[in-house]
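*Asks:* This is the structure I have questions about; it appears just below.
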Amino acid sequence: MVPIDEEEARLRVGPPADHAAGLEAVRLSVANAVRQMGVRKTVRNLRTLNQHDGFDCMSCAWPDPQGHRHAAEFCENGAKAVSWEGTRDTVGPEFFAAHSIAELAGQTDHWLEKQGRLTHPMVRRDGATHYEPISWGDAFALVGTHLNALDSPDQAVFYTSGRASNEAAFVYQLFARALGTNNLPDCSNMCHESTGTALTRTIGIGKGSVTLEDLHQADLIVVSGQNPGTNHPRMLTALEVAKRDGAKILAINPLPEAGLLRFDNPQKARGLVGAGTGLADRLLRIRSNGDLALWQAIGALLLERGVADREFIESSTVGFDAWAKHVADVDREAVLAATGLTWAEIEAAVDMLATSKRIVHCWAMGITQHRNAVATIKEFVNVALLQGMIGKPGAGLCPVRGHSNVQGDRSMGIWEKPPALFLDRLRDEFGFEPPREHGVDAADAVRVFRDGRARVFIALGGNFVAAMSDTEVTAAAMRGAELTVQISTKLNRSHLDAGRTALILPTLGRSEQDRTGGRVQRITVEDSMSAVHASRGRSEPAGPLLRSEVDIICRIAAATLGDRHDLPWADFAEDYGTIRERIGRVVPGCDDYAHRVDNGGFTMPHPPRDSRTFPTREGRAVFTVSPLEVMTVPEGRLVLQTLRSHDQFNTTIYGLDDRYRGIRSGRRVVFISAADLADLGFADGDLVDLVSEWEGEERRADRFRLVEYDTPKGCVAAYYPETNPLVPLDSQAEESGTPTSKWVIVRLEPAMSR
Ligand SMILES: Nc1nc2c(c(=O)[nH]1)N[C@H]1C(S)=C(S)[C@@H](COP(=O)(O)OP(=O)(O)OC[C@H]3O[C@@H](n4cnc5c(=O)[nH]c(N)nc54)[C@H](O)[C@@H]3O)O[C@H]1N2
Ligand SMILES: Nc1nc2c(c(=O)[nH]1)N[C@H]1C(S)=C(S)[C@@H](COP(=O)(O)OP(=O)(O)OC[C@H]3O[C@@H](n4cnc5c(=O)[nH]c(N)nc54)[C@H](O)[C@@H]3O)O[C@H]1N2
Ligand SMILES: [Mo]
């Protein structure tokens, strides 16, 4: 293990970058790929990544261009994800014999995943100190025995991380519902759930309303609470295209993220040689959680200036008058306090909105992971509706999704609150009555294990223990489970803080060839803009024993349900085409699914985008009124946002650098303003412990280096998942239940020397 002090000694802090990507990024990504995969595999993988007949990048949900694609249709971080999956290192029985679970638990998240790909099914028997090998057959039988011994199917929880394919997701939810539970939490609960909640209420569908083409055609793109240079690098290309055609970009972020400032497109000679494209025309350096206030003020100012698409408001919306009255009364002092902006800055943003004809609003975790996230997103919608910026070319709402298939998984029914229509169609297709009662979301999943109300936890990918808030509580809850089953590619925290009996089931990654049932199988995915297409990996699997996700789920299902409900698990695994036939008959908007994905894919219907129809209760788009609440921070305390470095994918830590923010060889840093350092009597470089305060409780994360940074006073930032122990389980967004990962009240204490 790398002790924290050693990491502390290695940590280097330099100046942050003022631009993203460029030649440096390409060089780094290819060199890293070759190191991990070797030359041949690197060429094969990177050549097929995001190509029409290749595999879909697993790094984010950004869409691919419809027509022409570059020979290198990927970004630095996509290449990292592929290399990480394609590594030649493996973790097999010898590894687990040599390392006890307790010993592995002392390692960092970076170290754990870096050991390589999981190659054998492994079990930790109740009371054992080590994992030992188990045959696939015994593993499936073991899961079946535990599930069949439950008093109620609701004692089982089926988690999904958003990398699972549509086919895997479909059979997984079918299995859970055939067993009798809607306990299908997913990573979306921690991610864009606030978006889904807000959009379903206001426009009648929980997905974004734009295509890539709309972004290209926009004349204003607003990017709120998102760091695309790191997390959606290919989005920078779309921003560049729009800018070339005269679009303006308004970015709203507490931090001056490099990718928002300037972009050197590595796919173009221009990017290779020189200056690149300046991106944001205006960057509003907002205080954490100031967005609700900002957008209410923007609404008020637009109204004052008489900006409104009256015809659209009349014909297609309800609630305008109440909203207009509400924002007209907005308290300007409160807005200034909440945002930390000047009135002139807000007016300047309003100028940009008022003079634009085609506006796209983009947002991500800086918006969704707040207590009032749903209200903030509803406010984006209010302003978009006011200007009629939905359902016309170049305009719309663009929540930028995280995991590459998180949106597809939802479409396939991975949801603890499934719509009645979906369940009806499932019943009609498969001839059993699915459960109607809502299941648990991610936070409730922790609660039911903590309280001994659930016994079996199955995870289709992901790293629930490290990704979820309140790490200590979540880990203890999982250790209390009778059985945990992790379908995984790499070793992670969730295999160590696992149930009394614990299974690790190694699975194929997306870049690998899937020969389940003796034929080459394809899978399908849906991107952030509702485009569905096929994906097929070509690499040799990391080991001969690996099984596909679909195969593993179907076999667990068969071992559990036998011929209950007469579901054709063997056929599904034999030929994924038979799953696609069923998807076509069950999932709304997927008619003729198998045929359409065979022919190059299609875009899922989206009534507001397609025809300005709004499937809400009112049958129209809905203006909503949200009270303006200014979240305050107690004296001497700071608000912490927990975010991603450039060298990680969620809990997967590729390396210890965060190039754009000037950090090398370490992750335990807290970005803090000079003013806060001075006020609190600390200096740049000091080591501190972070103590979070929540309803009389305290949570700690020790030994972080303070880094003076250009962040608003009172607002500090540090990396996730190291800071997840600080996020209280009960600190959740209203209505959506998303953990408030961007709003954690902390105080700093000098680190005790060791
Ligand atoms: N390489 C890479 N790609 C990824 C991921 C990854 O970890 N690595 N993760 C994937 C996933 S699952 C997701 S969900 C996305 C995440 O993509 P992002 O949402 O870009 O991820 P974060 O790092 O959480 O960044 C949050 C941004 O919001 C800003 N912010 C924080 N609080 C506020 C606020 O109150 N108001 C405003 N306006 N801004 C705020 C932060 O300064 C930061 O720039 O990326 C996906 N893509
Ligand atoms: N504090 C804080 N917490 C957060 C966030 C935050 O911003 N701040 N962000 C939240 C967000 S947006 C999200 S989406 C969640 C992410 O939560 P998760 O999706 O649960 O976590 P990941 O880190 O993406 O999961 C990584 C693991 O997935 C497995 N894996 C990788 N590829 C595959 C595959 O192809 N198949 C299978 N079966 N397994 C695979 C590997 O074993 C790897 O260790 O975290 C959330 N947690
Ligand atoms: Mo996410």
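*Asks:* Could you list GLU24, GLU345, GLU257 in order of exposure, starting from the residue whose Cβ has the fewest other Cβ atoms within 10 Å? Working shown, then result.
*Replies:* Numbers: GLU24 13, GLU345 18, GLU257 26.
Listing GLU24, GLU345, GLU257 from fewest to most nearby Cβ atoms yields GLU24, GLU345, GLU257.
*Asks:* Running Debye on the range 156-232 with equal point scatterers at the Cα sites and no solvent, what base-10 log of I(q)/I(0) appears at q = 0.19 Å⁻¹?
*Replies:* -1.06
*Asks:* Report, in deg cm²/dmol and to the nearest 500, the calculated mean residue ellipticity at 222 nm for the chain, where each DSSP H run with n ≥ 4 adds -39500 (n - 2.57) and the sum is divided by the residue count.
*Replies:* Working: 33 runs with 284 residues, N = 754.
Rounded to the nearest 500, it is -10500 deg cm²/dmol.
*Asks:* In terms of modelled amide H atoms, which long-range or inter-chain residues lie less than 5 Å from the amide H of LEU284?
*Replies:* ALA251, ILE252, ASN253
*Asks:* Follow-up. Give me the tail of P(r) for the range 28-184 as a percent: Cα-Cα pairs with distance above 23 Å. Before the final figure, lay out each step's value.
*Replies:* Details: 7045 of 12246 pairs.
Cα-Cα pairs of the range 28-184 separated by over 23 Å account for 58 percent.
*Asks:* If you don't mind, there's one more thing I want to ask. I'd like to compare 283-294, 358-369: which one has the highest average count of other Cβ atoms within 10 Å, and what's the full order after that?
*Replies:* The densest-packed peptide leads the list: 358-369, 283-294.
*Asks:* Specify, per residue and in Å³, the volume enclosed by the convex hull of the alpha carbon atoms belonging to the chain. If you can, show how the numbers build up before the last one.
*Replies:* Details: hull volume 109.8 nm³, N = 754.
Dividing the Cα hull volume of the chain by its residues yields 146 Å³.
*Asks:* About the Cα centre of the chain, what is the dipole size in debye to 20, counting +1 per Lys and Arg Cβ and -1 per Asp and Glu Cβ, all else neutral? Don't skip to the answer; put the middle values down first.
*Replies:* Working: 84 positive and 100 negative charges, 356 e Å.
For the chain, the charge dipole is close to 1720 debye.
*Asks:* For a quick check: sort LYS325, LYS713 by the number of other beta carbons within 10 angstrom, fewest at the front. Don't jump to the answer; show the numbers that get you there.
*Replies:* Details: LYS325 11, LYS713 15.
Ascending Cβ contact count within 10 Å gives the list LYS325, LYS713.
*Asks:* Please list, ordered by chain and number, the residues whose modelled amide H lies under 5 Å from the amide H of THR277; skip anything fewer than 5 residues away on the same chain.
*Replies:* Under 5 Å from the amide H of THR277: PHE263, ASP264, ASN265.
*Asks:* Moving on. Under 21 Å from the Cα of LYS392, which lysines turn up, not counting those fewer than eight places away in the same chain?
*Replies:* Within reach: LYS207, LYS243, LYS248, LYS357, LYS378.
*Asks:* Now for a separate question. Taking the alpha-carbon distance from LYS490 and a cut-off under 15 Å, which aspartates and glutamates remain once sequence neighbours fewer than 8 residues away in the same chain are dropped?
*Replies:* Output for LYS490: GLU85, ASP89, ASP109, GLU113, GLU512, GLU549.
*Asks:* Turning to a different aspect of this structure: What distance in nm separates the two pseudo spin-label positions at ALA476 and ARG500, each 7 Å out from Cα along the beta-carbon direction?
*Replies:* Distance between the two pseudo-spin positions: 1.8 nm.
*Asks:* Same structure again: Check which residues have an amide H placed less than 5 Å from LYS248's amide H, if you skip close sequence neighbours.
*Replies:* Those qualifying (amide H under 5 Å, at least 5 residues apart or on another chain) are LEU220, ILE221.
*Asks:* Just to be sure I understand the model, the point goes 7 Å from the Cα along the line to the Cβ. What's the resulting ASP126 to THR578 distance in nm?
*Replies:* 3.6
*Asks:* Mind checking which of SER645, VAL691, CYS715 is farthest towards the positive end of the range 621-741's charge dipole, using Cβ charges of +1 (Lys, Arg) and -1 (Asp, Glu) about the Cα centre?
*Replies:* Final value for the positive-end residue is SER645.
*Asks:* Same structure again: Counting other beta carbons within 10 Å of each Cβ, put PHE312, PHE457 in order, fewest first.
*Replies:* Values: PHE312 19, PHE457 28.
Result, fewest neighbours first: PHE312, PHE457.
*Asks:* How big, in percent, is the set of alpha carbon pairs in the range 637-744 lying more than 24 Å apart? Mind showing how you got there, number by number?
*Replies:* Details: 1283 of 5778 pairs.
Counting every Cα pair in the range 637-744, those more than 24 Å apart make up 22 percent.
Every number here is computed from the coordinates shown, using simple stated rules; none is lab data. Please read all numbers here as calculations on a predicted model, not as lab measurements. We place every Cβ from the backbone using ideal geometry, glycine too, and count neighbours over all the protein chains shown.
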